[in-house]
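Okay, so here's the structure we're looking at.
Taken together, the values in this text are just the output of simple stated rules run on the coordinates, not laboratory data. As the structure is a prediction and not an experimental result, all values here were calculated from the model. Virtual Cβ from ideal backbone geometry, glycine too; neighbours counted across all protein chains shown.
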């Protein structure tokens with residue numbers, strides 16, 4: 001399994017990618033969307049620079065994204081053909097990079113034109129691995145499939161990607177176990193698309209910014225914060241209905257505010273909350289919020305909220321440097337209540 005990050009709109013933040021992309025990880029991009037387009041659309045500059053790195057194992061590209069998930073040969077074939085030629089040139093320059101080419105991302109329709117498209121691409125692949133990213137369109141014989149989100153693993157070799165929901169808030173252990181057979185395991189969060197939240201369009205708090213005006217692109221710490229997912233979480237001791245959320249929700253339409261993106265703990269206990277290593281070193285004291293958690297109808301309504309001053313991956317690095325592993329004890333007023341990995345969501349997931 002190769003872990004990848006789905007940068008998707010990466011043409012809009014190439015320096016962030018190049019300065020922070022983790023060694024040994026692959027990357028995924030969407031090269032073209034329907035209108036409104038992203039502010040910048042040409043990803044090949046950053047792709048070629050990644051490909052030149054000796055520690056870059058895999059590239060996955062989707063030639064076309066269509067909001068209605070349909071394939072129109074007249075509209076899309078010229079775009080797909082152009083990107084296909086560029087992808088083959090990339091593969092010929094970078095033989096050691098496993099290169100996956102998907103003509104469309106999350107295709108819904110299935111007809112003879114779709115079958116013919118994949119047959120033609122496979123015949124001329126020239127070292128590329130042709131990928132069928134489908135939603136309702138289904139698998140195609142002889143073509144490697146890609147599933148997203150909660151879709152079931154298909155038979156044979158396949159690629160998996162998070163989609164629509166922040167990887168930060170997911171049951172990452174569960175997803176990794178479910179997709180042990182995946183060749184590619186792609187991490188995704190909404191900032192990769194320039195959106196500050198993953199809330200669905202039309203719901204309270206959703207990011208309704210048109211694609212052409214989005215500005216909430218990742219910062220370097222967003223990228224660094226997902227790297228721990230490639231390792232094992234470790235053995236935690238945490239109540240199923242308690243919440244340790246590694247990334248506080250972002251509401252800023254550009255970069256995260258000082259407290260956004262950092263851990264939040266929601267528990268019934270009230271007091272001084274410390275994260276403590278095996279040797280008793282306190283690596284963080286979480287600050288209590290003035291107001292209790294407000295979620296009418298939920299079991300956590302009225303519980304205490306605590307916030308960390310550093311990112312979860314930074315706390316993990318501190319713990320590992322002091323004790324050789326990431327698991328820390330949570331103490332409230334000196335009393336141990338559980339153990340967590342500070343870079344992984346623990347307890348309630350979504």
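What does the C-alpha gyration tensor say about the overall shape of the range 243-347? Classify as rounded when a/c is under 1.5, otherwise prolate if a/b is larger than b/c, or oblate.
Here the range 243-347 falls in the oblate category.
Give the calculated FRET efficiency between residue 208 and residue 257 to the nearest 0.05, with a Förster radius of 22 Å applied to their Cβ-Cβ distance.
On the way: r = 20 Å, r/R0 = 0.89.
In this case the efficiency is close to 0.65.
What fraction of the DSSP beta bridges in the range 2-230 is antiparallel, stated in percent and rounded to the nearest 5? Write out the running numbers ahead of the final one.
Values: 0 of 32 bridges.
Antiparallel bridges make up about 0 percent of those DSSP assigns within the range 2-230.
Compute the long axis of helix 312-323 from its Cα atoms, compare it with the longest principal axis of the Cα atoms of the chain, and write down the angle in degrees, 0 to 90, nearest 10.
The angle comes out near 60 degrees.
For residue 171 and residue 239, compute 0.36 nm times the residue count separating them, minus their Cα-Cα distance, and round to one decimal in nm.
Length gained between residue 171 and residue 239: 23.0 nm.
What does the highest-first list of 252-263, 61-72, 309-320 look like by mean Cβ count within 10 Å? Provide the component values of the computation, followed by the final result.
Numbers: 252-263: 16.4, 61-72: 18.2, 309-320: 20.4.
Answer by packing, highest mean first, reads 309-320, 61-72, 252-263.
When a/c reaches 1.5 or more, the comparison of a/b and b/c decides; with that in mind, is the range 33-168 rounded, prolate or oblate per its Cα gyration tensor?
Rounded.
Between residue 89 and residue 336, what length in nm is gained on full extension when 0.36 nm per residue of separation is reduced by their alpha carbon distance?
Roughly 83.2 nm would be gained on extension.
When a/c reaches 1.5 or more, the comparison of a/b and b/c decides; with that in mind, is the range 151-288 rounded, prolate or oblate per its Cα gyration tensor?
oblate
Between residue 116 and residue 269, 0.36 nm times their residue separation minus their Cα-Cα distance comes to what?
49.0 nm
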